[in-house]
1. Once the Cβ-Cβ distance between S52 and I96 is put in as r, and R0 is 35 Å, what FRET efficiency do you end up with, to the nearest 0.05?
2. With Cβ to Cβ distances under 13 Å as the rule, what net charge do the other residues near A114 carry (K, R +1; D, E -1)?
Amino acid sequence: MADDFTIATRDGDKDVRAREISSGLFAPKQDVAPWLPAVVSGGQYNQTVSSSVVTITVPSGATHCLLTVSNAAVNFTEDGTTPTTASGLRLPEGFIGELAIPQALKFIRVTTDAVINVTYRRYV
């Protein structure tokens, strides 16, 4: 069609086609599917969080992490500061969630040792 065009995307160019609607208007055909996570190597599993701070190393290319907390609650920071048993953001035992990747994730137990599992992702 004469109204086809190409748009630039993060991963290269993508052709977008228009189709004529009976009213005479053109509607671009767009991909509206949600972004899908791609696993980035460097996952950190069964990391015991005790009375010493655990710092998680974020691999290059990761934009998010899937995080689980087992056995006990933890406090964490995402700005490079050091959490304590009384300060930081609290994640309860049984937490399963996704976090946008900050510069540095640091964890410490609240009362008893906890276990964290981290899988890194980037959305494509």
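Readers should treat all values here as calculations from the given coordinates under stated rules, not as data from a laboratory. These figures come from a predicted structure and were not determined experimentally. So basically every Cβ, Gly included, is an ideal-geometry build from the backbone, and we count neighbours across all protein chains shown.
1. Here the calculated transfer efficiency is 0.90.
2. Residues near A114 contribute 0 overall.
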